[in-house]
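One structure is given below, encoded as structure tokens.
The values are calculated or read from the model by the stated rules, or taken from the named source; none is laboratory data. Just so you know, these numbers come straight off a predicted model, no measurement behind them. All Cβ positions, glycine included, derive from the backbone under ideal geometry; neighbour counts span all protein chains shown.
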Amino acid sequence: MNPITAYISAIKQPFNYSGTASRLEYWMCVVGFIVLSFIVGLVLALIGVEINGGAGGLIGLILWLFLIVLPSLALAGRRLNDIGWPVWLVILCILFPIFFIIIGIVPGNK
């Protein structure tokens with residue numbers, strides 16, 4: 001599995017918190033998220049979109065929300081299922097982003 005296929009798999013199910021995600025799928029998707037964040041930021045910077053305000057900033061925020069945040073939270077939920085932890089712990093990913101690393105390190109049960 002490469003980062004592109006992992007990301008496409010995650011983006012197709014942004015609201016799916018059931019099922020599991022292996023460590024490989026999780027980390028490949030994280031790499032895909034990082035690359036996509038860089039590309040979106042670069043494109044927005046090249047076309048002169050001001051991220052701090054205005055309509056361009058709102059468009060950038062909406063893109064980031066739907067392309068990065070929602071799929072990553074669903075992926076974290078599936079990863080939590082794989083390691084046998086309750087899915088509601090995905091809230092910790094929002095409050096403490098280091099939790100994304102923790103759930104990526106813990107081996108899966110399934």
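Of the residues making up the range 78-97, those that are over 12 Å from Y17 (Cβ atoms) and exposed (fewer than 10 other Cβ atoms within 10 Å of the Cβ) are L95, P97. Among residues of the range 68-88 that are of a type in the set (S, T, Y), those with a Cβ under 6 angstrom from a residue that is assigned to a helix (DSSP H, G or I), sequence gap 6+ or separate chain, pair up as S72/F33. Elements of the type helices (runs of 4 or more DSSP H) sitting completely within the range 20-96 and holding at least 2 residues that are of a type outside the set (S, T, Y), over 15 Å from the mean Cα position of the chain (by Cα) and at pLDDT below 80: these cover 23-46, 54-64.
So in the range 4-19, with the set limited to residues that are not in a helix (DSSP H, G or I) and not hydroxyl-bearing (S, T, Y), which one is nearest to L65 (Cα to Cα)? The qualifying residue nearest to L65 (Cα to Cα) is P14. The set of residues in the range 76-100 being out of contact with any Ser or Thr (no Cβ under 9 Å at 6 or more places or on another chain) and under 27 Å from G41 (Cα atoms) consists of A76, V90, I91, L92, I94, L95, F96, P97, I98, F99.
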